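To start, the structure itself, in structure tokens.
The values are calculated or read from the model by the stated rules, or taken from the named source; none is laboratory data. Since we're looking at a predicted model, the values are computed, not measured. As a convention, Cβ positions derive from the backbone with ideal geometry for all residues, glycine included, and neighbour counts pool all protein chains shown.
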Amino acid sequence: MLCAATILWLDVCKRLVIVGRKHYFCGKITDIMNDFSEKLIAWYRKNGRSLPWRETKDPYKIWVSETILQQTRVAQGYAYYLRFISRFPDVGALARAEEDEVMRLWQGLGYYSRARNLHAAAKDIVARGCFPVLPEEVKTLKGVGDYTAAAICSFAYGLPCAVVDGNVYRVLSRYFGLDEFVDTAAGKKTFASLADELIDKNRPAEYNQAIMDFGAMQCVPSSPDCSVCIFSGSCAALQKGTVDVLPLKKHKTKVSSRYFSYMYVRAGAYTFIRRREGKDIWRNLYEFPLLETSGELREEDLPSCPEFRSLFGGLQVESVRLVKPGVKHVLSHQVIHASCFEIRLSDSAAELPGFIRILAGDFDKFPVPRLISRFFSLVLGSEI
Ligand code: SF4
């Protein structure tokens, strides 16, 4: 009886025949795998990036780096990683920190649930007494999925766990000419099984790093330079002319538009902020009073705007100034069209119900979304 992995491989080989690579049927499956990983590792030894988290076997540092690098390019994440590890050199230091400080260090990276989960999981690890080792145990940490668990277990402990991220989907789908969707359960299973078969069991960490770097540096999403690729003689997508269409995705990301008008309120030396709650974006970060409307607000719209009246009803508004209109802030599933108004109140002792009154000069002590940081810089004319 054939095992699942062999069936998968026969399936892959059939696809290779379809794309005109019949010679693979004549060779052994293990030869194909060895050839792929040998070439990949040789490429990595020559071209791979030297990064601080690759110099360590500490699962905590690897976990932090991999969490930062989800949804973030290495060039952007590098400085964040160094700052984070410098402030929280071990899991205990992170567990003891206040959440606001963790979020402040994460400010600007986006996808803030990553930071909240890191913090919660650090407390969990401290409660357990040690960092988990087996992939199934690592995956029980908050925010840790298959990819991060495989990265930690292979890089820190040398376990043969294959990483499968966007880079890996791209390389495998193109090299093998796989037309499976990468965003369906069935497609994910196929790619995960293939990746598990391909990983070099003797050098899992190096193999994983190699395929991730290869996807990030050589087999890039658009217009890869296939003429200089180590696989130019055997890549199915190149032979079939499908490089630009692979990997296949079934679902298109739906992007919605939202209209935010932020009120930078001044009452003497004070301003007002609040912590965002609920399941919306930027949870637990701070922001100025916000009016969310179905379209952009102009300065002349404010006095008649019900949300504005409800916010400032009973207070003496001295002046209203539109500081910055029409800023487009793009997130993965939303485009925020944002404006910032400066509102001056006559009474320096005024309070805004539901908001924290702070000295404007203390603003940079609070973790805020990048959009708010930009607005604050504009109104103050200073960078945070
Ligand atoms: S030949 Fe082109 S598409 Fe194929 S693996 Fe290399 S870079 Fe990617």
**Request:** Could you please find all residues in segment 235-283 being outside any strand (DSSP E or B) and of a type in the set (A, V, I, L, M)?
**Result:** A236, A237, L238, V243, V245, L246, V255, A269, I281
**Message:** Checking the conditions here, which among K201, K188, K249, K240 is within 21 Å of the chain's Cα centre (by Cα) and in contact (Cβ under 8 Å) with a residue 40 or more places away in the chain?
**Reply:** K249
**Message:** Being at pLDDT below 95 and either farther than 19 Å from K39 by Cβ or within 16 Å of the ligand (Cβ to nearest atom) (or both) is the filter here; which residues of segment 197-208 pass it?
**Reply:** L198
**Request:** Go through segment 213-256 and count every residue that is touching an Asp or Glu at 6+ places or on another chain (Cβ under 7 Å) and near the ligand (Cβ under 9 Å from one of its atoms).
**Result:** 0
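Kindly establish whether R321 is in a strand (DSSP E or B) and either at pLDDT 95 or above or over 35 Å from the mean Cα position of the chain (by Cα) (or both).
Details: in a strand (DSSP E or B): yes; either at pLDDT 95 or above or over 35 Å from the mean Cα position of the chain (by Cα) (or both): yes.
Yes; evaluated as a whole, the condition is true for this residue.
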**Message:** Whether any residue in segment 257-277 is over 23 Å from R374 (Cα atoms) and either away from the ligand (no atom under 11 Å from the Cβ) or modelled with pLDDT under 95 (or both) is what I want to check.
**Reply:** no
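Being part of a helix (DSSP H, G or I) and of a type in the set (K, R) is the filter here; which residues of segment 342-372 pass it?
K365, R370 - these are the residues of segment 342-372 that are part of a helix (DSSP H, G or I) and of a type in the set (K, R).
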**Prompt:** Name the residues in segment 92-101 that are in contact (Cβ under 8 Å) with a residue 40 or more places away in the chain and touching a helix residue (DSSP H, G or I) at 6+ places or on another chain (Cβ under 7 Å), would you?
**Reply:** E99
**Prompt:** Conditions: (1) closer than 23 Å to L359 by Cα; (2) in a strand (DSSP E or B). V327 meets all but one. Number of the miss?
**Reply:** (1)
**Request:** Can you work out which of the residues in segment 167-177 that are more than 10 Å from the ligand (Cβ to nearest atom) and either of a type in the set (S, T, N, Q) or in contact with a Pro (Cβ under 8 Å, 6 or more places away or on another chain) (or both) is modelled with the lowest pLDDT?
**Result:** N167
**Selection status of L141, surrounded by 13 or more Cβ atoms within 10 Å (Cβ to Cβ), at pLDDT below 95 and outside any helix (DSSP H, G or I)** = no
**Request:** For R283, indicate whether it is touching a helix residue (DSSP H, G or I) at 6+ places or on another chain (Cβ under 8 Å), under 25 Å from M103 (Cβ atoms) and of a type outside the set (A, V, I, L, M).
**Result:** yes
**Request:** Answer yes if at least one residue in segment 193-205 is of a type in the set (D, E), part of a helix (DSSP H, G or I), out of contact with any Phe, Trp or Tyr (no Cβ under 8 Å at 6 or more places or on another chain) and surrounded by fewer than 22 Cβ atoms within 10 Å (Cβ to Cβ), and no otherwise.
**Result:** yes
**Asked** Is it the case that some residue within segment 357-368 is of a type in the set (D, E, K, R), within 22 Å of R298 (Cβ to Cβ) and either touching a strand residue (DSSP E or B) at 6+ places or on another chain (Cβ under 8 Å) or in contact (Cβ under 8 Å) with a residue 60 or more places away in the chain (or both)?
**Response** no
**Complete:** Counting only residues in segment 133-163 that are among the charged types (D, E, K, R) and touching a residue at least 24 places away in the same chain (Cβ under 8 Å), the one nearest to H119 (Cα to Cα) is identified as K142
**Request:** Report yes if some residue within segment 146-164 is modelled with pLDDT under 95 and at positive phi; otherwise report no.
**Result:** no
**Fill in**
Restricting attention to segment 98-122, the residues that are more than 25 Å from L331 (Cα to Cα) and surrounded by fewer than 16 Cβ atoms within 10 Å (Cβ to Cβ) number exactly 1
**Prompt:** Which residues, counting only those in segment 269-291, are exposed (fewer than 14 other Cβ atoms within 10 Å of the Cβ), under 28 Å from the mean Cα position of the chain (by Cα) and within 16 Å of E342 (Cα to Cα)?
**Reply:** none
